[in-house]
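Here's the structure we're looking at; comments come further down.
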């Protein structure tokens, strides 16, 4: 008798007495229970196959996860790589740095697309003056401070283009009249514009320069160093008057404005010289500037800001293209 017959006999016994008087009722037949499949019995003379051994548990550190390749989207720019710009602060009031920061969104556009600010005492945590493409130098140099003299010389060694940012760096401005006696450093009594100690490539005077002029010089410096041949030509045309101003020297005053502009019949009475004079030595009289020589400190701010003093009129016919290049660089071309 097989195993199946034994199970059927246990479920449905044959010798169980049936009561004839019992009323017939519905007969419920239970479902047969699941019968386990009998294990295969090896034939005589054969070796049973060995069961596979259980694999040890895998440790989390042994699991290798394949990393998907990271897709980096590159931003298209007019030219390939950024330039590096540093702000070197000598002896000044920090007004030029404030003017740089006043570019707001334009400053972010510059730093995102065109320049990396790799040195700035206020904005970058770098102690020593590094290599840079453009150095914006603010303030004059205290020659009583050996550290300041060493810094300006190191700036010239490490920078491709040095920009005298503001009238203090370009002409000394009011720092030329310092007599020392300051509470913290009384021995600091002599200051010179940076052009008296190193060669300067570009002058960007005024007290302070406008945010727009700083932005334009930064963009043009970028195009001059990284642009196409056409862009380099436009940048050179824009920067040439500022380069010529640097070659002119570190001295300028209201007398130069009188000789080169007013006496030549070039003054148009715009009042820019009056607005830029830090000591209010210039007033407008009948539409023309009147210079008080007793108040003039020969800082050069009025001469450098006059639109008809040092400007090179040979590049006037290119200024429309120059303006379009700056607008395109700052993302204003589609507005």
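Quick notes
- Here residue 225 clears all of (1) within 20 Å of residue 138 (Cα to Cα); (2) modelled with pLDDT of 90 or more except the condition numbered (1).
- In the range 290-305, the qualifying residues are those that are without any contact (Cβ under 8 Å) to a residue 60 or more places away in the chain and part of a loop (DSSP other than H, G, I, E, B), and the one that is nearest to residue 269 (Cα to Cα) is 292.
- Every condition in (1) touching a strand residue (DSSP E or B) at 6+ places or on another chain (Cβ under 8 Å); (2) more than 27 Å from residue 327 (Cβ to Cβ) is met by residue 116 except one, and the failing one is (2).
- Some residue of the range 325-335 being free of Cβ contacts under 8 Å to residues at least 40 places away in the same chain, part of a helix (DSSP H, G or I), under 31 Å from the mean Cα position of the chain (by Cα) and farther than 21 Å from residue 162 by Cβ: yes
- Selection from the range 236-245 of residues that are more than 16 Å from residue 320 (Cβ to Cβ) and surrounded by fewer than 21 Cβ atoms within 10 Å (Cβ to Cβ): 236, 240, 241, 243, 244
For every residue, the table says whether it meets (1) surrounded by fewer than 19 Cβ atoms within 10 Å (Cβ to Cβ); (2) part of a helix (DSSP H, G or I); (3) out of contact with any strand residue (DSSP E or B) (no Cβ under 6 Å at 6 or more places or on another chain).
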| site | (1), (2), (3) |
| --- | --- |
| 212 | yes, yes, yes |
| 224 | no, yes, yes |
| 234 | no, yes, yes |
| 266 | yes, no, yes |
| 279 | yes, no, yes |
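- Residue 126 vs. criteria under 23 Å from residue 244 (Cβ atoms) and within 23 Å of the chain's Cα centre (by Cα): no
- Considering 110, 165, 97, 121, the condition of being buried (at least 20 other Cβ atoms within 10 Å of the Cβ) and farther than 30 Å from residue 281 by Cα is satisfied by 110 alone.
- Those residues of the range 174-199 which are under 30 Å from the mean Cα position of the chain (by Cα) and within 22 Å of residue 98 (Cβ to Cβ), in sequence order: 193, 194
- For the range 286-301, the set of residues classified as modelled with pLDDT of 85 or more and within 24 Å of residue 241 (Cβ to Cβ) consists of 288, 289, 291, 296, listed by residue number.
- The set of residues from the range 129-162 being in a loop (DSSP other than H, G, I, E, B) and buried (at least 24 other Cβ atoms within 10 Å of the Cβ) comprises just one member, 139.
- With respect to the conditions (1) in a loop (DSSP other than H, G, I, E, B); (2) modelled with pLDDT of 90 or more, residue 185 lacks only one, and its number is (2).
- Yes/no for residue 164 being touching a residue at least 60 places away in the same chain (Cβ under 8 Å), farther than 20 Å from residue 83 by Cβ and touching a helix residue (DSSP H, G or I) at 6+ places or on another chain (Cβ under 7 Å): no
- Some residue of the range 249-257 being in a helix (DSSP H, G or I), in contact with a strand residue (DSSP E or B) (Cβ under 6 Å, 6 or more places away or on another chain), over 23 Å from residue 317 (Cβ atoms) and at pLDDT below 90: yes
- Filtered residues of the range 268-277 (kept if assigned to a loop (DSSP other than H, G, I, E, B) and under 16 Å from residue 208 (Cβ atoms)): 277
- So residue 283, is it in contact with a helix residue (DSSP H, G or I) (Cβ under 9 Å, 6 or more places away or on another chain), more than 27 Å from residue 323 (Cβ to Cβ) and at pLDDT 90 or above: yes
The values are calculated or read from the model by the stated rules, or taken from the named source; none is laboratory data. Worth saying up front: this structure is predicted, and the values here are computed from it rather than measured. Cβ coordinates were reconstructed from backbone atoms using ideal geometry, including for glycine residues, and neighbour counts include every protein chain displayed.
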